[in-house]
1. Can you put His105, His205, His4 in order, fewest other beta carbons within 10 Å first?
2. For the chain, list the cysteines whose Cβ sits under 4.7 Å from no other cysteine Cβ?
3. With respect to the cross-link table entries Lys58/Lys125; Lys125/Lys184; Lys58/Lys184, which display a Cα-Cα separation exceeding 27 Å?
4. Sort 55-64, 191-200, 175-184 for me by packing, meaning the mean count of neighbouring Cβ atoms within 10 Å per residue, highest on top.
5. So if each residue of separation counts as 0.36 nm, and I subtract the Cα-Cα distance between Glu18 and Gln156, what length gain in nm does that give?
6. Can you list residues whose amide H is under 5 Å from Leu60's amide H, if they're 5+ apart or on another chain and H is modeled 1.01 Å from N?
7. Treat the chain as a sphere of radius equal to its Kirkwood radius over Cα pairs and apply Stokes-Einstein at 20 °C in a medium of 1.002 mPa s; give the translational diffusion coefficient in µm²/s, rounded to a whole number.
8. Among the GluC sites (Glu not before Pro) in region 3-71, which ones are in a DSSP loop with at most 16 other Cβ atoms within 10 Å of the Cβ? Mind listing them?
Amino acid sequence: MPEHNVGTREEWQAARDELAKLEAEQAERNREITKKRRELPWVPVEKEYVFDTQDGKKSLADLFEGRSQLLAYNVMYGPDYTKGACPGCTNLADELDGSVVHMNHRDVTLMCFSRAPIDRLTAYKDRMGWEFPYVSTYDTDFPWDFGLAMSEEQAQEIPEVQEMIQDPPDWLQEWSEQVGAELKDGLREGPGWIAFARENGTVYHTYTVMAPDPFVAPYHSSLLERAPKEGDEEPRAWRKDEYPD
């Protein structure tokens with residue numbers, strides 16, 4: 001006999017109706033959260049940041065590529081990682097390419113950040129077959145200023161981090177081996193989404209979400225909920241060649 005519940009069609013329908021109520025409540029709650037997210041104050045970014053990209057040095061404003069919104073995922077791939085990026089972040093990034101064109105046509109530039117040097121990011125990007133822009137925050141204040149990474153001193157002040165370093169579970173030890181970094185270094189990187197808007201020549205920081213809630217579904221309709229501005233978030237079935245140039 002199967003271990004899960006078995007019942008009649010009537011029992012299934014009754015249970016399904018109860019679940020539908022919860023799903024409707026969740027959908028409404030998600031709409032409220034998206035509204036609150038977009039009502040957050042926009043904070044002008046006054047410091048100048050210069051990033052390494054595959055196309056050379058670029059400012060934060062340059063990363064928008066002429067669009068008014070920028071949404072980036074911070075992949076856990078620090079300078080101390082010798083084998084590659086975090087497997088969980090890699091799995092998420094694997095799904096982003098299909099969303100890039102949809103996001104671009106909704107005035108949002110989609111990309112990834114990591115703190116490792118650009119040559120290692122480019123090599124990893126080629127290895128994984130990724131096409132989205134991948135930008136290095138190496139040797140900048142950007143990851144510290146926006147909470148995307150921790151200094152050694154900051155990590156030492158967080159009991160939960162120190163506990164994981166001193167007595168790591170088996171899965172975390174395996175993760176450390178996969179990325180090729182000691183836990184004291186590897187856990188200083190943070191996975192998460194960060195969003196910016198650009199208006200009248202000024203760049204604004206609008207939103208950040210870090211672990212444990214960074215792994216939102218990497219579909220453009222879900223990603224658009226993290227973008228600064230309200231827009232057309234209905235899913236589309238168009239292929240890339242059906243978008244106008």
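1. On the way: His105 16, His205 19, His4 5.
Starting with the residue having the fewest Cβ neighbours, the order is His4, His105, His205.
2. Cys112
3. Working: Lys58/Lys125 19 Å; Lys125/Lys184 25 Å; Lys58/Lys184 31 Å.
Listed pairs above 27 Å: Lys58/Lys184.
4. Per-residue mean Cβ counts within 10 Å order the peptides as 191-200, 175-184, 55-64.
5. On the way: separation 138, 0.36 × 138 = 49.68 nm, distance 4.65 nm.
Full-extension gain reported as 45.0 nm.
6. For Leu60, whose amide H was placed from the backbone, the distant partners under 5 Å are Tyr49.
7. Values: Rh = 19.9 Å.
Calculated translational D: 108 µm²/s.
8. On the way: sites: Glu3, Glu10, Glu11, Glu18, Glu23, Glu25, Glu28, Glu32, Glu39, Glu46, Glu48, Glu65; in loops: Glu3, Glu39, Glu46, Glu48, Glu65.
Passing sites in region 3-71 are Glu3, Glu39, Glu46, Glu48, Glu65.
Values quoted throughout were computed directly from the atomic coordinates according to the rules given, and no laboratory measurement underlies them. All of these numbers come straight from a predicted model, not from anything done at the bench. With ideal geometry, Cβ positions are generated from the backbone for all residues, glycine too; neighbour counts draw on all protein chains shown.
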